[in-house]
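The block underneath contains the structure these notes are about, expressed in structure tokens.
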Amino acid sequence: MSKFLISLCVCFCLSRAVLAWNAEGHMVVAQIAYNHLDPEVKAKCDALLTNTVYHSSSINSNFVTAAVWADDIKNFTSAYSTWHYIDLAVNLTNLNNTITNNFPPPSTNVVWAIRQCIATLQNPSETESNQAVALRFLLHFAGDIQQPLHCAEGYSSSHPSGDAGGNGFGLSNNSDWSNLHSLWDAGGGYLSDNVSSRYSASTQSILSNKVAASEAAYPYSFSVGRIPDPMDWAVEGWGLARTIAYVGINEGDTPSVTYTNAAQTTTKQRMAIGGQRLAKLLNTIFVTNAPVATAVNLTTGNFAFSWSTVSGRTYRVQWKQQPGDAVWNDLTDLTASTNSITFIDSTAQTQRFYRAIVVN
């Protein structure tokens, strides 16, 4: 991650537009994530964001507005342009053709960038400054990778070298958007393109309404905490490009109401998914209050052990027969309602070793 800070001094001239979902969309993703962070994780993130990094300021110093920082710094350097997207090839002549081997994406892409961010935030020896940069990038890229046209590039006879994620897929002059990518950046009209408006009270009201709408339509669900492979997210977005973004529209078209409605519905869903994934990822990276055994008891026919918990967090009890066994076997999941949990198991087994791990 130190490469992030070093390369701030480097500038490359790239022409591709990489603004995804405008400021508003990125803040919706960040706010949804913030709503579902453990209190200790919120505190950790808030503390990191007090660090002054490259061209950061008071206007992007909190968790929600910091999600726009990676776009803000493009006014000063384009060194990170390829970090916002990954070009997975789409055959525009035959959308069912999924062969992409002939069109490999750049090595420094959004999947690579998210992996770098995760590695830095997981490394306890990294400086706070480096982790602050990584967190700001992650807040943004977790939104970028949910936008289908940040995961795909269309190829056809008219675009033998690709359409740059829809940037080269021109629309009618009568359209509200010059190309397909800009349509999806605006969520088909669902999102505002006024970047500076994120600092106004009126925008905060709009933001709250969109967060509430996404949360209501796609409620947060608890799941096992794990570090995901962001390539899975990218492939998912690529699939949506093939089945939704590039379907029902041709170059030069004025998008139909049916098409823009589909883009709006998809955007609302992808923002909710992005926010939830970001929350689960950060809760997993910054695991706090790890379980500590507080009591072990053996009574007639039963073995019991207790450990400290955080209310609302889920713990998984696992077992194996020998300490050297390679695999722990899942036994049960328990969600804490207080600051401790006691698990009881029968002593009918000849021998067992137990452990409790945090899963969410």
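In this view, the solvent-accessible surface of Trp177, computed with a 1.4 Å probe and all protein chains in place, comes to about 40 Å².
Using C-alpha pairs below 8 Å separated by at least 6 residues, the relative contact order for the range 35-147 is 31 percent. Between the listed residues Gly248, Thr127, Ala217, the Cα displaced farthest toward the positive end of the dipole of the chain, a dipole computed from Cβ unit charges relative to the Cα centre, is found at Thr127. What number comes out for the charge environment of Ser214, summing +1 per Lys or Arg and -1 per Asp or Glu over other residues with Cβ under 10 Å away? My count for the surroundings of Ser214 gives +2. Computed over the range 301-351, the Cα gyration tensor eigenvalues convert (square root of 5λ each) into semi-axes of 22, 14, 8 Å, ordered from largest to smallest.
With the convex hull drawn over the C-alpha atoms of the range 205-360, the volume per residue is 174 Å³.
The dipole here belongs to the range 110-199: it is taken about the Cα centre, uses +1 on the Cβ of Lys and Arg and -1 on the Cβ of Asp and Glu, and is about 140 debye. Restricting attention to the chain, the count of lysine pairs at 8 or more positions apart or across chains with alpha carbons under 23 Å apart stands at 8. With only Cα atoms counted, the chain has Rg and Dmax values of 23.0, 81 Å. Accessible area per residue (1.4 Å probe, heavy atoms of protein chains only) ranks Phe76, Phe137, Phe353, Phe303 as Phe76, Phe353, Phe303, Phe137, with the largest value leading.
Note on the chain: with charges restricted to the Cβ of Lys and Arg (+1) and Asp and Glu (-1), its dipole about the Cα centre is near 700 debye. For Ala152, nonlocal amide neighbours, meaning residues 5 or more places apart or on other chains whose placed amide H falls under 5 Å from its own, are Ile86, Leu88. In the full protein context, the chain carries 44 Å² of accessible surface per residue, based on a 1.4 Å probe and ignoring ligands, DNA and RNA. The mean sequence separation of alpha-carbon pairs under 8 Å and at least six residues apart, normalised by the residue count of the range 199-310, gives a relative contact order of 27 percent. Two numbers describe the Cα atoms of the range 220-265: Rg and Dmax, which are 15.1, 45 Å. Within the accessible area of the chain, the carbon and sulfur atoms contribute 52%, probe 1.4 Å, all protein chains present.
Take every Cα pair under 8 Å whose residues are at least 6 apart in sequence, average their separation, divide by the length of the chain, and the relative contact order is 20 percent. Evaluated on the range 81-193, the Kirkwood hydrodynamic radius is 15.6 Å, with distances taken between all distinct Cα atoms. Taking a sphere under 15 Å around the Cβ of Asp46 and counting the other residues whose Cβ falls inside, with K and R at +1 and D and E at -1, yields a net charge of 0. Rounded to 0.05, the FRET efficiency of the Ser346 and Val287 pair, given R0 = 35 Å and the Cβ-Cβ distance, is 0.70.
The values are calculated or read from the model by the stated rules, or taken from the named source; none is laboratory data. Since this is a predicted model, take the numbers as computed values, not measurements. Because the Cβ atoms are built from the backbone with ideal geometry, glycine has one as well, and the counts that use them run over all protein chains shown. When the accessible area is computed, the model is the full protein with side chains, heavy atoms only, and any ligands, DNA or RNA have been set aside. Shrake-Rupley method; radii C 1.70, N 1.55, O 1.52, S 1.80 Å.
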